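Visitor: Provided herewith is a single structure, encoded as C-alpha coordinates, for subsequent inquiry.
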Amino acid sequence: MQLLDGKATSEQIKAEIADQVALIKASGGKVPHLAAILVGNDGASETYVNSKVLDCAQVGFESTLIRLEASVSEAELLARIDQLNKDPQIDGFIVQVPLPRHIDEIKVTLAIDPAKDVDGFSPTNVGKMTLGLPTFISATPNGVMELLRRYKVDTAGKHCVVVGRSNIVGTPMALLMSRNTNPGNATVTLVHSRTQNIAQICRSADILIVAIGRPHFLTADMVKEGAVVIDVGITRVPDDSRASGFRLAGDVDFEAVKHKCSFITPVPGGVGPMTRASLLQNTLKAQLLRAR
Ligand code: GUN
(Lines give C-alpha, C1' and ligand atoms only; values in the text may rest on other atoms or scores of the structure.)
Protein backbone atom coordinates (compact mmCIF):
# COMPACT_ATOMS: atom_id res chain seq x y z
CA MET A 1 0.00 0.00 0.00
CA GLN A 2 1.31 3.44 -0.90
CA LEU A 3 -0.08 6.55 0.72
CA LEU A 4 -1.10 9.33 -1.68
CA ASP A 5 0.33 12.12 0.43
CA GLY A 6 -1.70 15.22 -0.37
CA LYS A 7 0.04 17.27 2.28
CA ALA A 8 3.53 16.73 0.87
CA THR A 9 2.34 17.05 -2.74
CA SER A 10 0.51 20.28 -1.99
CA GLU A 11 3.65 21.70 -0.37
CA GLN A 12 5.55 20.89 -3.55
CA ILE A 13 2.88 22.62 -5.67
CA LYS A 14 2.92 25.64 -3.38
CA ALA A 15 6.71 25.85 -3.69
CA GLU A 16 6.34 25.80 -7.50
CA ILE A 17 3.72 28.56 -7.33
CA ALA A 18 5.92 30.64 -4.99
CA ASP A 19 8.75 30.35 -7.55
CA GLN A 20 6.43 31.65 -10.27
CA VAL A 21 5.28 34.53 -8.08
CA ALA A 22 8.93 35.45 -7.49
CA LEU A 23 9.45 35.53 -11.27
CA ILE A 24 6.36 37.71 -11.76
CA LYS A 25 7.60 40.11 -9.08
CA ALA A 26 11.10 40.21 -10.55
CA SER A 27 9.71 41.17 -13.94
CA GLY A 28 7.51 43.92 -12.43
CA GLY A 29 4.26 42.03 -12.99
CA LYS A 30 1.18 42.03 -10.82
CA VAL A 31 1.10 39.65 -7.87
CA PRO A 32 -1.98 37.36 -8.03
CA HIS A 33 -4.77 38.54 -5.75
CA LEU A 34 -7.52 36.18 -4.51
CA ALA A 35 -10.63 37.44 -2.73
CA ALA A 36 -13.02 35.28 -0.72
CA ILE A 37 -16.51 36.13 0.45
CA LEU A 38 -17.61 34.37 3.61
CA VAL A 39 -21.26 34.75 4.59
CA GLY A 40 -22.17 33.95 8.20
CA ASN A 41 -20.00 32.01 10.64
CA ASP A 42 -20.28 28.30 9.91
CA GLY A 43 -17.30 26.74 11.71
CA ALA A 44 -16.09 24.55 8.85
CA SER A 45 -16.44 27.35 6.28
CA GLU A 46 -14.48 29.72 8.56
CA THR A 47 -11.68 27.18 8.82
CA TYR A 48 -11.57 26.61 5.06
CA VAL A 49 -11.57 30.30 4.19
CA ASN A 50 -8.94 31.15 6.81
CA SER A 51 -6.76 28.36 5.40
CA LYS A 52 -7.16 29.78 1.90
CA VAL A 53 -5.99 33.20 3.14
CA LEU A 54 -2.96 31.62 4.86
CA ASP A 55 -2.13 29.66 1.69
CA CYS A 56 -2.09 32.92 -0.27
CA ALA A 57 0.41 34.43 2.14
CA GLN A 58 2.58 31.31 1.93
CA VAL A 59 2.98 31.55 -1.85
CA GLY A 60 3.23 35.36 -1.97
CA PHE A 61 -0.28 36.12 -3.29
CA GLU A 62 -2.34 39.00 -2.02
CA SER A 63 -5.69 38.12 -0.53
CA THR A 64 -8.82 39.89 0.66
CA LEU A 65 -11.38 38.31 2.96
CA ILE A 66 -14.84 39.84 2.85
CA ARG A 67 -16.99 38.77 5.78
CA LEU A 68 -20.72 39.35 5.56
CA GLU A 69 -23.39 38.76 8.21
CA ALA A 70 -25.55 35.65 7.82
CA SER A 71 -28.49 38.05 7.49
CA VAL A 72 -27.00 39.85 4.45
CA SER A 73 -29.54 40.25 1.66
CA GLU A 74 -29.11 38.47 -1.64
CA ALA A 75 -29.06 41.88 -3.36
CA GLU A 76 -26.19 43.08 -1.14
CA LEU A 77 -24.18 39.91 -1.81
CA LEU A 78 -24.76 40.28 -5.57
CA ALA A 79 -23.62 43.91 -5.33
CA ARG A 80 -20.38 42.82 -3.61
CA ILE A 81 -19.81 40.24 -6.34
CA ASP A 82 -20.31 42.92 -8.97
CA GLN A 83 -17.68 45.08 -7.25
CA LEU A 84 -15.19 42.20 -7.32
CA ASN A 85 -16.00 41.50 -10.97
CA LYS A 86 -15.09 45.10 -11.79
CA ASP A 87 -12.12 45.53 -9.45
CA PRO A 88 -8.93 45.39 -11.57
CA GLN A 89 -6.87 44.49 -8.49
CA ILE A 90 -8.75 41.20 -7.98
CA ASP A 91 -7.66 38.35 -10.28
CA GLY A 92 -10.04 35.74 -8.93
CA PHE A 93 -12.54 35.25 -6.15
CA ILE A 94 -14.72 32.68 -4.48
CA VAL A 95 -17.95 32.79 -2.55
CA GLN A 96 -17.72 30.08 0.09
CA VAL A 97 -20.67 27.68 0.11
CA PRO A 98 -22.99 26.65 1.66
CA LEU A 99 -24.81 29.98 1.81
CA PRO A 100 -27.71 30.85 4.14
CA ARG A 101 -31.00 29.46 2.90
CA HIS A 102 -32.46 32.82 1.89
CA ILE A 103 -29.71 33.23 -0.75
CA ASP A 104 -30.02 31.48 -4.10
CA GLU A 105 -26.67 29.77 -4.77
CA ILE A 106 -27.38 29.50 -8.48
CA LYS A 107 -27.95 33.25 -8.80
CA VAL A 108 -24.69 33.84 -6.96
CA THR A 109 -22.78 31.45 -9.23
CA LEU A 110 -24.25 33.10 -12.31
CA ALA A 111 -23.20 36.54 -11.05
CA ILE A 112 -19.47 35.71 -10.91
CA ASP A 113 -17.44 36.78 -13.96
CA PRO A 114 -16.26 33.44 -15.47
CA ALA A 115 -12.80 34.99 -15.99
CA LYS A 116 -12.52 35.42 -12.19
CA ASP A 117 -14.36 32.23 -11.23
CA VAL A 118 -11.36 30.39 -9.78
CA ASP A 119 -13.72 27.84 -8.18
CA GLY A 120 -14.76 26.82 -11.70
CA PHE A 121 -18.43 26.71 -10.63
CA SER A 122 -19.94 28.96 -13.33
CA PRO A 123 -21.88 27.37 -16.21
CA THR A 124 -19.35 28.82 -18.67
CA ASN A 125 -16.45 27.11 -16.95
CA VAL A 126 -18.32 23.86 -16.29
CA GLY A 127 -19.25 23.84 -19.99
CA LYS A 128 -15.65 24.42 -21.06
CA MET A 129 -14.49 21.59 -18.80
CA THR A 130 -17.10 19.33 -20.34
CA LEU A 131 -15.77 20.13 -23.81
CA GLY A 132 -12.15 19.69 -22.71
CA LEU A 133 -11.33 23.37 -23.28
CA PRO A 134 -8.83 25.25 -21.08
CA THR A 135 -10.68 26.62 -18.04
CA PHE A 136 -10.76 26.72 -14.25
CA ILE A 137 -11.56 23.20 -13.07
CA SER A 138 -13.11 23.15 -9.62
CA ALA A 139 -10.54 22.72 -6.94
CA THR A 140 -11.33 19.30 -5.48
CA PRO A 141 -11.60 17.32 -8.75
CA ASN A 142 -8.55 19.16 -10.05
CA GLY A 143 -6.65 18.30 -6.85
CA VAL A 144 -7.52 14.61 -7.21
CA MET A 145 -6.37 14.59 -10.86
CA GLU A 146 -3.12 16.31 -9.87
CA LEU A 147 -2.49 13.74 -7.13
CA LEU A 148 -3.07 10.84 -9.57
CA ARG A 149 -0.80 12.56 -12.12
CA ARG A 150 2.07 13.21 -9.73
CA TYR A 151 2.00 9.66 -8.30
CA LYS A 152 1.79 8.30 -11.88
CA VAL A 153 -1.27 6.20 -10.99
CA ASP A 154 -2.26 4.20 -14.03
CA THR A 155 -5.90 5.03 -14.86
CA ALA A 156 -6.21 4.22 -18.58
CA GLY A 157 -8.70 1.44 -19.26
CA LYS A 158 -9.40 1.00 -15.54
CA HIS A 159 -12.84 0.84 -14.01
CA CYS A 160 -13.30 3.98 -11.93
CA VAL A 161 -16.29 4.16 -9.61
CA VAL A 162 -17.20 7.63 -8.35
CA VAL A 163 -19.48 7.62 -5.31
CA GLY A 164 -21.58 10.81 -5.13
CA ARG A 165 -22.94 13.12 -7.82
CA SER A 166 -22.51 16.63 -6.40
CA ASN A 167 -21.99 19.48 -8.85
CA ILE A 168 -18.64 20.40 -7.32
CA VAL A 169 -17.07 16.97 -6.85
CA GLY A 170 -18.77 13.77 -8.05
CA THR A 171 -20.09 14.92 -11.40
CA PRO A 172 -16.93 16.74 -12.61
CA MET A 173 -14.77 13.93 -11.20
CA ALA A 174 -16.62 11.33 -13.29
CA LEU A 175 -16.29 13.49 -16.37
CA LEU A 176 -12.56 14.19 -15.93
CA MET A 177 -11.74 10.53 -15.33
CA SER A 178 -13.56 9.53 -18.51
CA ARG A 179 -11.81 12.04 -20.80
CA ASN A 180 -9.04 11.20 -23.23
CA THR A 181 -6.29 12.52 -20.95
CA ASN A 182 -3.68 11.21 -18.55
CA PRO A 183 -4.86 10.69 -15.86
CA GLY A 184 -8.21 9.79 -17.35
CA ASN A 185 -9.23 7.32 -20.04
CA ALA A 186 -11.00 5.31 -17.36
CA THR A 187 -14.31 3.53 -17.75
CA VAL A 188 -16.43 5.40 -15.25
CA THR A 189 -19.45 4.42 -13.21
CA LEU A 190 -21.13 7.16 -11.14
CA VAL A 191 -23.09 5.77 -8.21
CA HIS A 192 -25.45 7.74 -5.95
CA SER A 193 -28.19 7.44 -3.34
CA ARG A 194 -30.61 5.75 -5.77
CA THR A 195 -28.10 3.22 -7.12
CA GLN A 196 -28.85 -0.42 -6.43
CA ASN A 197 -26.01 -2.75 -5.43
CA ILE A 198 -23.53 0.01 -4.56
CA ALA A 199 -21.31 -2.42 -2.65
CA GLN A 200 -21.15 -4.82 -5.57
CA ILE A 201 -20.30 -2.04 -8.04
CA CYS A 202 -17.63 -0.68 -5.70
CA ARG A 203 -16.08 -4.16 -5.44
CA SER A 204 -15.59 -4.16 -9.21
CA ALA A 205 -13.66 -0.85 -9.13
CA ASP A 206 -9.96 -0.51 -9.87
CA ILE A 207 -10.20 3.12 -8.72
CA LEU A 208 -12.71 4.33 -6.13
CA ILE A 209 -13.35 8.04 -5.58
CA VAL A 210 -15.69 8.53 -2.65
CA ALA A 211 -17.40 11.90 -2.16
CA ILE A 212 -20.67 11.59 -0.27
CA GLY A 213 -19.87 13.11 3.13
CA ARG A 214 -20.81 10.02 5.17
CA PRO A 215 -18.04 9.06 7.61
CA HIS A 216 -16.59 5.60 7.00
CA PHE A 217 -19.17 4.77 4.32
CA LEU A 218 -16.68 2.68 2.33
CA THR A 219 -15.87 -0.48 4.25
CA ALA A 220 -13.28 -3.17 3.48
CA ASP A 221 -15.85 -5.58 1.99
CA MET A 222 -16.59 -2.98 -0.71
CA VAL A 223 -12.99 -2.81 -1.94
CA LYS A 224 -11.21 -5.08 -4.41
CA GLU A 225 -7.67 -6.25 -3.62
CA GLY A 226 -5.21 -3.77 -5.18
CA ALA A 227 -7.71 -0.93 -5.68
CA VAL A 228 -6.80 2.76 -5.64
CA VAL A 229 -8.96 4.58 -3.08
CA ILE A 230 -9.44 8.35 -3.03
CA ASP A 231 -11.33 9.72 -0.03
CA VAL A 232 -12.89 13.15 -0.58
CA GLY A 233 -14.90 13.18 2.67
CA ILE A 234 -14.06 15.52 5.54
CA THR A 235 -16.88 15.43 8.06
CA ARG A 236 -16.51 16.90 11.54
CA VAL A 237 -17.34 14.18 14.05
CA PRO A 238 -17.81 15.18 17.73
CA ASP A 239 -14.79 14.05 19.81
CA ASP A 240 -14.49 15.13 23.44
CA SER A 241 -10.85 14.02 23.61
CA ARG A 242 -9.87 16.87 21.22
CA ALA A 243 -9.46 20.49 22.25
CA SER A 244 -11.54 21.48 19.20
CA GLY A 245 -14.34 19.11 20.24
CA PHE A 246 -14.25 17.29 16.90
CA ARG A 247 -12.09 15.22 14.59
CA LEU A 248 -12.17 14.96 10.82
CA ALA A 249 -13.53 11.73 9.39
CA GLY A 250 -13.29 10.60 5.79
CA ASP A 251 -15.85 8.66 3.77
CA VAL A 252 -13.52 5.64 3.89
CA ASP A 253 -12.88 3.31 6.83
CA PHE A 254 -9.16 3.89 6.32
CA GLU A 255 -7.77 1.47 8.91
CA ALA A 256 -9.79 -1.46 7.54
CA VAL A 257 -9.50 -0.56 3.85
CA LYS A 258 -5.81 0.37 3.58
CA HIS A 259 -4.54 -3.23 3.64
CA LYS A 260 -6.36 -3.96 0.38
CA CYS A 261 -5.21 -0.88 -1.55
CA SER A 262 -2.37 -0.24 -3.98
CA PHE A 263 -2.78 3.50 -3.24
CA ILE A 264 -4.97 5.33 -0.70
CA THR A 265 -5.40 8.92 0.49
CA PRO A 266 -5.48 9.64 4.24
CA VAL A 267 -7.89 12.05 5.96
CA PRO A 268 -6.67 14.55 6.92
CA GLY A 269 -3.65 15.07 4.65
CA GLY A 270 -5.02 13.65 1.40
CA VAL A 271 -7.47 15.42 -0.88
CA GLY A 272 -8.03 18.44 1.43
CA PRO A 273 -4.59 20.07 0.97
CA MET A 274 -4.72 19.27 -2.76
CA THR A 275 -8.01 21.20 -3.02
CA ARG A 276 -6.35 24.20 -1.42
CA ALA A 277 -3.34 23.98 -3.74
CA SER A 278 -5.67 23.79 -6.76
CA LEU A 279 -7.34 27.04 -5.81
CA LEU A 280 -3.91 28.69 -5.79
CA GLN A 281 -3.12 27.16 -9.21
CA ASN A 282 -6.39 28.55 -10.58
CA THR A 283 -5.69 31.99 -9.12
CA LEU A 284 -2.24 32.09 -10.68
CA LYS A 285 -3.79 31.05 -13.99
CA ALA A 286 -6.42 33.80 -13.70
CA GLN A 287 -3.70 36.40 -13.14
CA LEU A 288 -1.61 35.13 -16.06
CA LEU A 289 -4.63 35.14 -18.40
CA ARG A 290 -5.64 38.66 -17.32
CA ALA A 291 -2.08 39.96 -17.74
CA ARG A 292 -2.00 38.89 -21.37
N1 GUN B 1 -17.34 24.77 0.15
C2 GUN B 1 -16.77 23.54 0.18
N3 GUN B 1 -15.85 23.43 -0.79
C4 GUN B 1 -15.85 24.61 -1.46
C5 GUN B 1 -15.11 25.11 -2.56
O6 GUN B 1 -14.27 24.44 -3.16
N7 GUN B 1 -15.40 26.39 -2.94
C8 GUN B 1 -16.34 27.14 -2.31
N9 GUN B 1 -16.58 28.37 -2.78
N10 GUN B 1 -17.04 26.71 -1.28
C11 GUN B 1 -16.79 25.45 -0.86
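The values are calculated or read from the model by the stated rules, or taken from the named source; none is laboratory data. Computed from a predicted structure; not experimentally measured. Here Cβ is always computed from backbone atoms with ideal geometry, including for glycine, and neighbour counts include all displayed protein chains. We work out accessible area using only protein heavy atoms, side chains counted, and drop any ligands, DNA or RNA first. Shrake-Rupley method; radii C 1.70, N 1.55, O 1.52, S 1.80 Å.
Visitor: Under a point spin-label approximation (7 Å from Cα along Cα-to-Cβ), what is the D87-S178 distance to one decimal in nm?
Guide: 3.9
Visitor: For the chain, which whole percent of the accessible surface, found with a 1.4 angstrom probe, sits on carbon and sulfur atoms?
Guide: Using a 1.4 Å probe with all protein chains present, the chain comes out at 53 percent carbon and sulfur.
Visitor: Based on DSSP H runs of at least 4 residues, each adding -39500 (n - 2.57), what is the mean residue ellipticity at 222 nm of the chain after dividing by all its residues, to the nearest 500 deg cm²/dmol?
Guide: Result for the chain, helices only: -12500 deg cm²/dmol.
Visitor: I need to check one value: relative contact order of the chain, counting alpha carbon pairs closer than 8 Å and at least 6 residues apart, in percent. Spell out each step's value before the answer.
Guide: Numbers: 559 pairs, mean separation 63.3, N = 292.
Taking the mean separation of contacting Cα pairs over the length of the chain, I get 22 percent.
Visitor: Please compute the per residue accessible area over the chain with all protein chains in place, 1.4 Å probe, rounded to a whole number of Å².
Guide: Ligands and nucleic acids excluded, the figure is 47 Å² per residue.
Visitor: Sticking with this one: Run down the lysines and flag those whose C-alpha is under 17 Å from the C-alpha of K258, throwing out any fewer than 8 positions away in its chain.
Guide: K224
Visitor: Could I ask something else about it? Using a basic spin-label model with each label point 7 Å from the Cα along Cα→Cβ, how many nm lie between S262 and R242?
Guide: Output for this residue pair reads 3.2 nm.
Visitor: Would you compute the Debye intensity of the chain from its alpha-carbon atoms alone, equal scatterers and no solvent, and pass along log10 I(q)/I(0) at q = 0.09, 0.10 Å⁻¹ to two decimals?
Guide: -0.44, -0.54
Visitor: Place the peptides 4-15, 44-55 in order of packing, highest mean first, counting for every residue the other Cβ atoms within 10 Å and averaging per peptide.
Guide: So the order, starting with the most tightly packed, is 4-15, 44-55.
Visitor: Give the Kirkwood hydrodynamic radius (Å, one decimal) of the range 111-253, defined as one over the mean of 1/r across all pairs of different Cα atoms.
Guide: 16.0
Visitor: How high is the FRET efficiency between D19 and D154 when r is their beta carbon distance and R₀ equals 30 Å, given to the nearest 0.05?
Guide: The pair D19/D154 has a calculated efficiency of 0.55.
Visitor: With charges set only on the Cβ (+1 for Lys and Arg, -1 for Asp and Glu), what does the dipole of the range 75-186 come to about its Cα centre, in debye to the nearest 20? Present the calculation step by step, with values, prior to reporting the outcome.
Guide: Numbers: 12 positive and 11 negative charges, 101 e Å.
The dipole of the range 75-186 has a size of about 480 debye.
Visitor: If ligands, DNA and RNA are left out, what is the accessible area of K30 with a 1.4 Å probe, given in Å² to the nearest 10?
Guide: Probe radius 1.4 Å; accessible area of K30 about 60 Å².
Visitor: Next question. Hey, could you get me the Stokes-Einstein D for the range 1-60, Kirkwood radius over alpha-carbon pairs, 25 °C and 0.890 mPa s, rounded to whole µm² s⁻¹?
Guide: In µm²/s, the coefficient is 181.
Visitor: Right, next: Let me test this: with uniform point scatterers at the alpha carbons of the range 179-292, what is the Debye-based log₁₀ I(q)/I(0) at q = 0.19 1/Å?
Guide: -1.05
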